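Working notes, beginning with the structure itself.
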Amino acid sequence: MTHEVHSLRQQFPMFSGPNPPAYLDNAASSQKPRRVIDRIQRYYEKEHCNVHRGVYKLAEQATSLFEDTRKNVASFIGGVDPREVIFTSGTTEGINLVANTWGDTHVQAGDEILLSISEHHSNIVPWHILAKKKGATVKFIPLDENLRLDWEEAQKLISRRTKIVALAHVSNVLGIIHPVKKLVELARSVGAVSVIDGAQAVPHFDVSMKDLACDFYAFSSHKMCGPTGMGVLYGRQELLDAMPPYKGGGEMIAKVTIEGASWAELPHKFEAGTPHVAGVIGLGEAIDFLRSFDRKAAFASDLALGKQCFEGLKGRKKIQVFLQDVNDWVGILSFHHTSIHPHDIAHVLDADNVCVRAGHHCAQPLLRSLNVAATTRVSPYIYNNESDLQKFFEGLEKAEKLFAK
Ligand code: PLP
């Protein structure tokens, strides 16, 4: 174990004490470092207050903490204007927000929404709902034989009818990094807006909105060492300004009369009601944590574990790893066992305190295109070590013995 992994791992209470879990389900959610847990506790113990309301010191302090975090997020995603940072409950809400506001305003009958086949259901279902309501069509870019986005097909599928192009930055099943920048440019060339699902990207590497030049980008705090129920939607100011609000309520208004209401300025127009203040402050702490070490080195270490896992599974009888190479990849690995169901593998591993995910990973269209109903997924992160991987392989061998026919 490198020094970095060792010292990072020590900061996570989940891994202290005897028999810590070999937690390899980080694509579902990451564990939390002590400083994030403590920060949230301190907020509730000594700093809690509603925000943007009270005029007393405690309330002003809570508001400052909340708005300072917005600035922190804005800088973390490449130095955007803080007004372009909308706090949400997660990636799912961010994408639904765009579908229900920009989508509802601009998508008409006959229009098309272009996705990839490897999207998470969060980046499919909101578009299905919108398309059904509007009489639009959802189209899917297939993957090529290397499981990369089929670029030729993408170019064929996109047209002036395309109003929205929505794509995961990183696939939650295959771990592949999609060529987002290229697709954003393609979307722009036909006048479509781009919506990027960054749920699996932000936990692993730095992202820059300026570099990607996308219109919207959504991600979740809980996959990047922050609290659950918290997320971010970045949107280009010009688009956000022109969009109607998503939810109505307190905080998102400029004025309410018995006849109607007018909307607050950005970003508050999209943040109706009392926000998840503790979640915001916890996310800020998670960002500070992620910035407190060499992220590239940490990423290299979790990627190395992913590669070891890929190499260890690739040559095995009865196992299909789908991926042929691990270029442009974050280390998330799904595999199919020809004679053991993923749930059985996961249960046998669980008996030895090894946590992996088994199922369709909320990506049924992708799994159908891979001709499987479920896979087992191993997703290492910055605090995993070789011992975790060794326990996984030992558990897999146990499962193979147990289910040998
Ligand atoms: N998109 C991707 C690629 C994901 O992996 C996930 C969660 O697993 C989501 C979206 C949904 O994220 P959340 O449940 O935090 O809203």
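The values are calculated or read from the model by the stated rules, or taken from the named source; none is laboratory data. Given the structure is predicted, the values throughout are model-derived calculations rather than measurements. Heads up, the Cβs are rebuilt from the backbone with ideal geometry, glycines too, and the neighbour counts pull from every protein chain shown. We work out accessible area using only protein heavy atoms, side chains counted, and drop any ligands, DNA or RNA first. Shrake-Rupley method; radii C 1.70, N 1.55, O 1.52, S 1.80 Å.
Each residue, Ala373 and His48, gets one label point 7 Å from its Cα in the Cβ direction; the gap between the two is 4.5 nm.
Using a simple charge model, +1 on the beta-carbon of Lys and Arg, -1 on the beta-carbon of Asp and Glu, nothing else, what dipole does the range 125-279 show about its Cα centre, in debye to the nearest 20? List each step's numbers first, then the result.
Details: 18 positive and 16 negative charges, 99 e Å.
Charge dipole, the range 125-279, about its Cα centre: 480 debye, nearest 20.
Can you tell me the accessible area per residue over the range 278-405, all protein chains present, probe 1.4 angstrom, in square angstrom?
Details: 5420 Å² over 128 residues.
Normalised by residue count, the accessible surface of the range 278-405 is 42 Å².
Placing Glu265, Glu67 in order of accessible area, with the largest value first and a 1.4 Å probe, yields Glu265, Glu67.
So for the range 227-299, averaging the separation of alpha carbon pairs under 8 Å that are six or more residues apart and normalising by length, what relative contact order in percent results?
Working: 57 pairs, mean separation 22.5, N = 73.
RCO, the range 227-299: 31 percent.
On the principal axes of its alpha carbon atoms, the range 258-405 extends 72, 40, 32 Å, with the longest extent given first.
Place a +1 charge on the Cβ of each Lys and Arg in the range 261-327 and a -1 charge on the Cβ of each Asp and Glu, then give the dipole magnitude about the Cα centre in debye, rounded to the nearest 20. Intermediate values should be presented prior to the final figure.
Numbers: 9 positive and 8 negative charges, 124 e Å.
Roughly 600 debye, rounded to the nearest 20.
Segment Ala109..Glu4, full-extension length gain: 32.4 nm, with 0.36 nm per residue of separation and the alpha-carbon distance subtracted.
If you roll a 1.4 Å probe over the heavy atoms of the protein chains, what accessible area per residue do you get for the range 131-254, in Å²? Let's see the in-between values first.
Details: 4570 Å² over 124 residues.
For the range 131-254, the per-residue accessible area is 37 Å².
Projecting the Cα atoms of Ala304, Ile258, Leu323 onto the charge dipole of the chain, computed from C-beta unit charges around the Cα centre, puts Leu323 farthest toward the positive end.
Quick one: if the Förster radius is 30 Å, what FRET efficiency do Asp241 and Ala59 give, using the C-beta to C-beta distance and rounding to 0.05?
On the way: r = 28 Å, r/R0 = 0.93.
E(calc), rounded to 0.05, equals 0.60.
Taking only protein heavy atoms and a 1.4 Å probe, the accessible area of the chain is 52% carbon and sulfur. Measuring with a 1.4 angstrom probe and ignoring ligands and nucleic acids, Ser194 comes out at about 0 Å² accessible.
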